[in-house]
Amino acid sequence: MIHSDKIFEVLEKDITNSKDIDELTKSKLLKNVLALKSQKLNIMITGATGAGKSSTINALFNTDIAKVGAGVDPETMDVTRYELNNLVLWDSPGLGDGKEKDNLHAKNIIAKLNELDSKQQPLIDLVLVIVDGSTKDLGTSYELINSVIIPNLGANPEDRILVGINQADNARKGRNVWDYDHNRPTPETEVFLKDKVRSVKARIKEATDVDVEPVFYAAGFKEGDEAQNPYNLSKLLYMIINKIPKAKRAVLANNNISKEEEMWQDNDDIKNYNAEIKKGIMESIIETASAGADIGRNVGKLFGKTGEAVGAMVGATAGAVWGGLKSIFGL
């Protein structure tokens with residue numbers, strides 16, 4: 001099985017070893033790959049203390065952020081920067097720490113959201129706001145979203161924000177809340193969570209006239225011998241991939257996504273999110289690497305091993321997934 005540990009190396013080998021394209025085309029493709037490799041994906045993750053930012057990061061990217069090289073950004077003081085290959089995570093406190101601290105947090109979030117990269121484009125590609133689904137008091141979260149984040153996302157703010165409602169497994173109190181045998185909400189809890197999604201969406205729409213599509217999930221946990229796998233983590237990642245610029249999706253494939261299959265297996269099954277994730281990343285690689293080059297029907301052969309590498313991600317066998325990708329792309 002081909003693994004995705006070094007996706008760009010596999011991609012470069014695919015191009016270099018191809019017998020179906022000429023040297024000039026190879027040169028163009030390799031130049032595109034170099035540009036693809038240099039891309040940095042910047043995601044801000046914010047939310048109130050206890051909402052589960054750390055557990056979400058650890059689940060998605062199979063890392064312990066306490067062990068990742070981190071530093072406090074000198075300009076924003078309380079925004080912590082984590083870099084995983086070309087993926088840059090900006091961890092910012094939400095509101096709810098008192099008026100003085102809230103004003104500081106808001107000021108620093110606004111400053112980061114208005115920061116531009118070297119191409120004079122917004123530095124932050126996506127803001128993931130994590131809301132605590134186990135509490136009814138979401139006033140500070142709405143204030144953060146409606147008054148701080150959305151007004152500073154520029155044109156089409158809905159394209160740069162995603163609201164995740166974490167702790168779905170604790171959203172209701174009492175009995176018959178969670179089906180622990182199958183790691184999914186009971187029918188009653190699922191209805192409750194869908195109502196919560198609609199409520200959050202409506203509150204944000206009413207205050208900002210911006211449409212958001214919240215997603216409920218459980219980041220899971222590991223404490224000693226006890227563990228609970230995530231729920232709807234694949235859906236969360238699928239929605240992240242749909243929000244970020246297409247040219248930057250391959251950054252997530254470069255040894256950034258957790259390879260633990262059990263992290264991705266429990267979802268609401270509305271879609272095959274794992275297949276959609278691979279499709280989105282592969283489309284990004286093909287479109288970006290092929291820009292300006294005429295490779296025609298050779299695309300399937302050209303990106304064969306790359307397709308296997310992408311197919312090896314997120315809990316599925318490479319052969320089956322690449323076969324599906326070839327069918328999807330008409331290769």
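Within the bounds of segment 104-114, is there any residue that is at pLDDT 90 or above and assigned to a loop (DSSP other than H, G, I, E, B)? Checked segment 104-114: at least one residue is at pLDDT 90 or above and assigned to a loop (DSSP other than H, G, I, E, B). Could you grab me the full set of residues in segment 168-190 that are of a type outside the set (Lys, Arg), surrounded by 12 or more Cβ atoms within 10 Å (Cβ to Cβ) and out of contact with any helix residue (DSSP H, G or I) (no Cβ under 7 Å at 6 or more places or on another chain)? Across segment 168-190, the qualifying residues are ASP169, ASN170, ASP179, ASN183, THR186, GLU188, THR189, GLU190.
For (1) more than 30 Å from LEU30 (Cβ to Cβ); (2) buried (at least 18 other Cβ atoms within 10 Å of the Cβ); (3) not hydroxyl-bearing (Ser, Thr, Tyr), each residue gets a yes or a no:
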{"site": "SER258", "(1), (2), (3)": "no, yes, no"}
{"site": "GLN265", "(1), (2), (3)": "yes, no, yes"}
{"site": "ASP269", "(1), (2), (3)": "yes, no, yes"}
{"site": "ASN272", "(1), (2), (3)": "yes, no, yes"}
{"site": "LYS278", "(1), (2), (3)": "no, yes, yes"}
{"site": "SER284", "(1), (2), (3)": "no, yes, no"}
{"site": "GLU287", "(1), (2), (3)": "no, no, yes"}
{"site": "ALA291", "(1), (2), (3)": "no, no, yes"}
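Any idea which residue in segment 221-238 is farthest from the chain's Cα centre (by Cα), counting only those that are modelled with pLDDT of 95 or more and among the hydrophobic types (A, V, I, L, M, F, W, C)? Among those that are modelled with pLDDT of 95 or more and among the hydrophobic types (A, V, I, L, M, F, W, C), it is LEU233. Per this entry, ASN17 is not counted among residues that are more than 22 Å from the chain's Cα centre (by Cα), closer than 21 Å to LYS246 by Cβ and modelled with pLDDT of 90 or more. Among the residues of segment 264-286, is any charged (D, E, K, R), within 21 Å of GLU158 (Cβ to Cβ) and in contact with a strand residue (DSSP E or B) (Cβ under 7 Å, 6 or more places away or on another chain)? No, segment 264-286 has no match at all. Scanning segment 134-153 for residues that are in a loop (DSSP other than H, G, I, E, B) and at pLDDT 95 or above gives a single hit, LEU153. Against the numbered list (1) surrounded by fewer than 18 Cβ atoms within 10 Å (Cβ to Cβ); (2) on the phi > 0 side of the Ramachandran plot, LEU116 comes up short only at (2).
Pick out the one residue from ARG198, ARG172 that is part of a loop (DSSP other than H, G, I, E, B) and either in contact with a Lys or Arg (Cβ under 8 Å, 6 or more places away or on another chain) or free of Cβ contacts under 8 Å to residues at least 60 places away in the same chain (or both).
After applying the criteria, what remains is ARG172.
LYS246 fulfils the conditions (1) surrounded by fewer than 17 Cβ atoms within 10 Å (Cβ to Cβ); (2) of a type in the set (Lys, Arg); (3) closer than 19 Å to VAL131 by Cα except for a single criterion, (3).
Just a yes or no: is a residue in segment 293-315 assigned to a helix (DSSP H, G or I), at pLDDT below 75 and under 23 Å from ASN62 (Cβ atoms)? There is no residue in segment 293-315 that is assigned to a helix (DSSP H, G or I), at pLDDT below 75 and under 23 Å from ASN62 (Cβ atoms).
The values are calculated or read from the model by the stated rules, or taken from the named source; none is laboratory data. As the structure is a computational prediction, the values presented were derived from the model and not from experiment. Cβ sites come from the backbone with ideal geometry, for glycine too, and all protein chains shown count toward neighbours.
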